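The values are calculated or read from the model by the stated rules, or taken from the named source; none is laboratory data. The structure presented is a predicted model; accordingly, all values stated were derived computationally and were not measured. Here the Cβ positions follow ideal geometry from the backbone for every residue, glycine too, while neighbour counts run over all protein chains shown. Protein only, heavy atoms only, side chains kept; ligands, DNA and RNA dropped before computing areas. Shrake-Rupley method; radii C 1.70, N 1.55, O 1.52, S 1.80 Å.
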Amino acid sequence: MEDDAPVIYGLEFQARALSAQTAETDAIRFLVGTQSLKFDNQIHIIDFDDENNIINKNVLLHQAGEIWHIGASPADKAVLTTCYNKTCDSRVVSCAAVWRMPSDWETGSHESPDDTAHNPQTLELLCHLNDSAHGNAACVLWEPMGDGKRVISLADNHALLWDLQESSTQAVVSNTATLEGKGQLKFTSGKWSPHHNCSQLATANDTAIRGWDLRTMSQIYCIENAHGQLVRDLDFNPNRQYYLASCGDDCKVKFWDVRNIQEPVKSLEEHSHWVWSVRYNHSHDQLVLTASSDSRLILSNMVSISSEPFGHLVDDEELSEGEDNHQDDKGKEPLKDSVVSTYEEHEDSVYAAEWSSADPWLFASLSYDGRLVINRVPRALKYRILL
Amino acid sequence: MDGEADETVAVGDDCVPGRRRRVHGMLKLYYGLNEEGKAAEESESLDPCDINGPHFDPELYLNKLRRECSLAELMDQETCMVKQIRSLDSDMQTLVYENYNKFISATDTIRKMKNDFKKMEDEMDCLSANMAAITEFSASISGTLQDQHTQITKLSGVHTLLRKLQFLFELPARLNKCLELQAYAQAVSSHRRARCVLQQYSHLPSFKGIQDDCHAIMDKLAQELRQKFRDGGSSAKDLSECVELLLQLDEPAEELCDKFLSHARSRLESDLQGLEAEIRPYPSAAKDASARRSPSLADNSPKFNTLPSPTSNTDILEFIDRGCNEFVSSLCLVITSYQELFINHAQTGELVSKNIPQMANCKLHAFVDNLAARYFSLVERRIQEEKSVGDNSLLVRALDRFHRRLQAVAKLLPGSAVPNKGTEIVIRAATERVKQYLSALQSFYMDSLTDVRQALATPRLSVAGASVAGGGAHLGGPGPGRDAPNSLPELLSSLSASILNQIKSVLASVHLFTAKDITFSNKPYFKGEFCSQGVRESLVVSFIKFVCQSSRHFCESAGDKGGSTPPALLLLLSRLCLDYETSTISYILTLTDEQFLDQHHSPVTPVTTLCAEAKEAAQKLLNHYVKVQGLIISQMLRKSVETRDWVNTIEPRNVRAVMKRVVEDTTSIDVQVGLLYEEGVRKAHSSDSSKRTFSVYSSSRQQARYAASYTPSAPMDTNLLSNIHKLFSERIDIFSSVEFNKVSVMTGIIKISLKTFLECVRLRTFGRYGLQQIQVDCHYLQMYLWRFVSDENLVHFLLDEIVGSSAHRCLDPAPMEQSVIEVICERG
């Protein structure tokens, strides 16, 4: 059973920002934000037709500036946030804003694709997430599985909790947390935990990972020196509430149990350069995707620390109760943590990788040169996990 | 001639009796007397023609003569015959006369006898009458004496009985006397003689009294003997006498055995207590000793066997000596006397029937095992306290003595488990020793590393090259580590030499265990397992593994904290491991195998495995070195990029200081690596080509690129160009494994640094002058870095990317003129 070849899509501009369209659970859809200082930046809406292996793209203009981060609302397909740089008075300022896609972007693309390329529609600005008191926005996080009313923006050393009101046209800072310390501290990345009733946030600054309680906006834990170098990204295990993955400039991917922060539970060192992104699969948390500036994307199977360390236990029992003992044995074969596969379709640093929100076996990765690659989990592994 | 004459004489002598005999013979024949034994002559006479034969037939003879002889012969025959007849007649007459005379004299004699006998008959009658009278008298005498005789016999019987009785009656007194004089042996033999009789007649009250008295006395005696036995002050001979006597007194042998043994035990225990007393104060002393020793170990002394031996009350040899002399020899003595008393002696006596030897033997074994176990535990405790790895010969000698002395026990007690246990202790001690040596080696290694660390921490003059020795000697306090020169190769060689020396000295120390003059060295364990498993595997191989492992540990522990280990140490260790891989391991193992030849060839770790491990460690260390050095430079570059406002920077006038620093550091790293690693192979490239290559790179390609990217009509071209470029260039693994040579190491470090530079640049936005500054910086790096790497295209490519990316990230991309860049760079 041969795996399908990866599907490659090229953007005209360099790009760093990638997100799955979280609220969309039927179509496989990714959002890519471009980085160009010279031209109007764009948001590419990439639709992947799984059956025909065809990519459909729609382009929306994002004229505010080059996009560093993009986040799709979990509730409303059409709403998204971006963090962008804009230059004014020969100063570069990082901003964040909530946008709405024009309602007819989809129809337009279908009718005349050529037309959209020449005359792309523009995003509709809902509101800015800027507070003059706080600095440059690094990223904006939506409340996971929420109603699309709450976002957190990380700006320099502040974490701002916003309430979006009036169908997201108005944003009010409801709470803030500030990182105090020596020197210029700056959040590089963060993740809103889907557990504990979405009351926790994890942030990364320099080599440390910190956990925050959003109810009190106070720090609950701090993993100093989580990585030897800068921590680049974080992700929560969707099924195990205390498990957290992090990656950084020491080429490592580390898995933490936040109840015991002295030592990582597991540490991977497969990349040969900085790791920029780490993502748990939304449903099968043993699958971990990492993207690195060594131009590689690595899919790892971390069985030992997944929520299903022995595969589907229930399935095993059902099988053994049934008739086939061979399959039973096969199911009990201890799976080892391993690199499932290394994807080398990129030629430049890969800064982002995301799982599709619609198909748990599909993921996209984006390299700096604007190449988006859509891959699938190898079928053998997929069946192994499922059966 | 004389012989013949003699013969003839002899013949002649023979003739005369022969003839006489013949005459007698003929007479005999005549009288019908047949003489036996003359068969030879007889056979001749069967002839009827033999005139002397008994079957002579005259007619036949006459006919024969007439037939055979001539007349003359006949005449001669006749005359001869006549002559013979005449002589025969005269002979006969003589004989008859002689016989007649004899007859006459016989007749006279008979007549005379007749007269004599008559007289004799009378005398005989008289004699018989006398004899009758004598008989009568004798009978009457014996009749009268009969009564007295019986009386005398009776009296003599009474006399002996009385004598015996007297002995018996005197016995208590005698025994008492003996008791007083302590002549126990006599007393016992006397009593033994009387015992049966007394027993037999014990129903008589008087005898009963005597018996009771005797018993009382003997009990007292036995008591006294036992007392003597118990007191134990007596000599072994006395003791054995005691036991012998007690045995004769029917004391139960078992009890005696027990008593004897318990008595012996008390003496042996006092020996053991003496030994224990020597151990006991030791722990406190040991603490002092270890407290005193630990600073001395950290004292950088390269040879730990120069350290003073532990400050125990006595050293182990003395201890073992004392144990042997006191305990083991008394034990042997006890065994011998015991065997003499209860086993050998009993086998001859009547005791054998009671299974006493077996019982005694069992008791002895139990006794010996019990005491030996305690002794062993003491010895073992003492050996365990022998922690200092100082003079091993002392321990070996002590063990040897210990083992040797136990052989005596083995000889005395053939079935005993004691010698085996002793051997086990020796084996345990040896393995323990090997372990101690391993840990000593390990700590020595770690100490050496600390020394090296210190040496490296002192101002590194080695790179500058000058005044190393003077500075080192001046700065270095006392201690050999400080005196060592600070330059890396010398540090390396002194480190590896001192480690090797240490291994050698340890091997020499351990080798004492297998020396020929050591009794236990011919045990199979010491011939086989000790050599292969003990020394080779758990000492040498473990140490090598430890070296590799600790090296790897340096990589891991330092990984997160970023350079807690000085990079130079990493480099040095990696070279050390590499040296181990190439030669040292096989040298050490050959040395070991030569010294500890194992006849059994049990499976051992092959050299290749260790070499592989060492190589892996070397590789890891070198990779880590590259990473650490790369990160140090990366950090500088990153900070320099991150902290600057690139949009509002001024027009570049100079190369930024950080770039100079990068080049300086790279150069010093190059020197450092060059001290330990060979140059390595470069890809062939033009020599002193930095400018030319760079000018090509920047003027043609780079310019073309800028032109392409920023022509608004063709935004795709940028990607196309760089993609095409990337398509043909190999993928660069940044943190990849490096080879064991300088160029590869430097390439690795530069790769890491430049890639960081690139990634940082991509995160920033540049103004016009920002871009130009990057251009200047990159050109500067290009000028200096190409010479360090194996493939200068790599540097070109990365710098190209940096400039390209910054151009992308530039708000107002107006590249600087190449010539200006060159001028700025050359100005420094």
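Just grab the label-to-label distance for residue B:417 and residue B:763, each label 7 Å out from Cα along the Cβ direction, in nm (one decimal). With each label point 7 Å from Cα toward Cβ, the separation is 7.2 nm. Calculate, for residue A:149 and residue A:386, the FRET efficiency according to 1/(1 + (r/R0)^6) with r their C-beta to C-beta distance and R0 51 Å; round to the nearest 0.05. Rounded to the nearest 0.05, the efficiency is 0.90. My understanding is that a pair violates if its Cα-Cα distance is over 26 Å; which of A:382/B:620; B:504/B:527; A:57/A:149 do that in this structure? Correct reply: A:382/B:620; A:57/A:149. On the basis of the beta-carbon distance and an R0 of 25 Å, residue A:260 and residue B:550 show a calculated FRET efficiency of 0.40.
Using only the alpha-carbon atoms of the range A:131-213 as identical scatterers, what base-10 log of I(q)/I(0) does the Debye formula give at q = 0.13, 0.20, 0.21 Å⁻¹? So the normalised log intensities are -0.38, -0.89, -0.97. Were the residues from residue B:100 through residue B:161 laid out at 0.36 nm apart, the gain over their Cα-Cα distance would be 13.8 nm. Where in the range A:1-42 does the amide nitrogen come within less than 20 Å of the point 7 Å from the Cα of residue A:103, taken along Cα to Cβ? So the set is A:23-24.
Between residue A:8 and residue B:152, the modelled label-to-label distance comes to 15.4 nm, taking each label 7 Å out from Cα in the direction of the beta carbon.
Test of understanding: extend the Cα→C-beta vector of residue B:254 to 7 Å, then name every residue of the range B:357-399 with backbone N under 14 Å from that spot. Answer for this model: B:357-364. The listed residues B:184, B:100, once ranked by accessible area (1.4 Å probe) with the largest placed first, stand as B:100, B:184.
Potential lengthening of the chain between residue B:124 and residue B:446 amounts to 102.0 nm, from the contour at 0.36 nm per residue minus the alpha-carbon distance. For B:271, B:258, the ranking by accessible surface with the largest value first comes to B:258, B:271, using a 1.4 Å probe. Were the residues from residue B:109 through residue B:137 laid out at 0.36 nm apart, the gain over their Cα-Cα distance would be 5.9 nm. Shielding of peptide B:755-765 by partners, expressed as the average count of other chain Cβ atoms within 10 Å per residue Cβ, is 4. What FRET efficiency, computed as 1/(1 + (r/R0)^6) with R0 = 60 Å and r the Cβ-Cβ distance, is obtained for residue B:193 and residue B:380, rounded to the nearest 0.05? In this case the efficiency is close to 0.60. Helix content alone sets the calculated 222 nm mean residue ellipticity of chain A: runs of n ≥ 4 DSSP H residues at -39500 (n - 2.57) each, divided across all residues, give -2500 deg cm²/dmol. Among B:432-444, B:46-58, sorting by the average number of other beta carbon atoms lying within 10 angstrom of each residue, highest first, gives B:432-444, B:46-58. Counting only protein chain heavy atoms and rolling a 1.4 Å probe, the accessible areas of B:362, A:83 rank, largest first, as B:362, A:83. Measuring with a 1.4 angstrom probe and ignoring ligands and nucleic acids, residue A:93 comes out at about 40 Å² accessible. Pairs exceeding a 22 Å alpha-carbon distance, out of A:254/B:627; B:660/B:751; A:191/A:266; B:421/B:545; A:254/B:639; B:177/B:259: B:421/B:545; A:254/B:639; B:177/B:259.
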